[in-house]
Amino acid sequence: MRKLQILDRSRLDAVLGKERFLLFKHSTTCSISTTAFRAYEQFLAAHPDVPTGWIEVREQRPWAQDVAAVTGIEHESPQALWIRDGRVVWHASHFDITAQALAEAVGV
């Protein structure tokens, strides 16, 4: 799997400008987020070439909020954002995040 945890602002800036990137915002203290993260991991196991990474929203709250400010997409957790050419072209949150929904959004 080509996934990475977003641990600093420069890495966040880099992924927000990528040609294509799946960004996942995750809370380590929320059962809904745990369920969505499992769906994210299931999707990645089936599609390991999709460039992706995640932010743990409690631990990296400023970056999670920066994503909302930069993209114009209101912050939620859990949340998945499909970025194409530096723009969010699809996003989902909570129980709308499934392996199938991610595959359809990414087009694989």
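Each DSSP beta bridge with both residues in the chain is either parallel or antiparallel, and the antiparallel ones are about 60%.
Remark on TRP90: its backbone amide H falls under 5 Å from those of TRP82, a criterion applied only to residues 5 or more positions apart or on other chains, H modelled at 1.01 Å from N.
Residue separation of GLN100 and ARG58 scaled by 0.36 nm, minus their Cα-Cα distance, works out to 12.5 nm of gained length. Distance distribution note for segment 3-94: the fraction of Cα pairs above 18 angstrom is 36%. Packing order of peptides 20-26, 99-105, 70-76, highest average first: 20-26, 99-105, 70-76 (average count of other Cβ atoms within 10 Å over each peptide's residues). Once the chain from SER10 to SER31 is taken as fully extended at 0.36 nm per residue, the excess over their C-alpha distance is 4.6 nm. Between ALA69 and ALA46, the distance separating the two model label sites (each 7 Å from Cα on the Cα→Cβ line) works out to 3.7 nm. Basic side chains Lys and Arg get +1 at the Cβ, acidic Asp and Glu get -1 at the Cβ, and with that the dipole of the chain about its Cα centre reaches some 160 debye. When the helices of the chain are scored as -39500 (n - 2.57) per DSSP H run of n ≥ 4 and the total is divided over every residue, the value at 222 nm lands at -12000 deg cm²/dmol.
Coordinate-derived values only; no laboratory data. From a predicted model like this one, the values you see are computed outputs, not experimental measurements. Cβ sites come from the backbone with ideal geometry, for glycine too, and all protein chains shown count toward neighbours.
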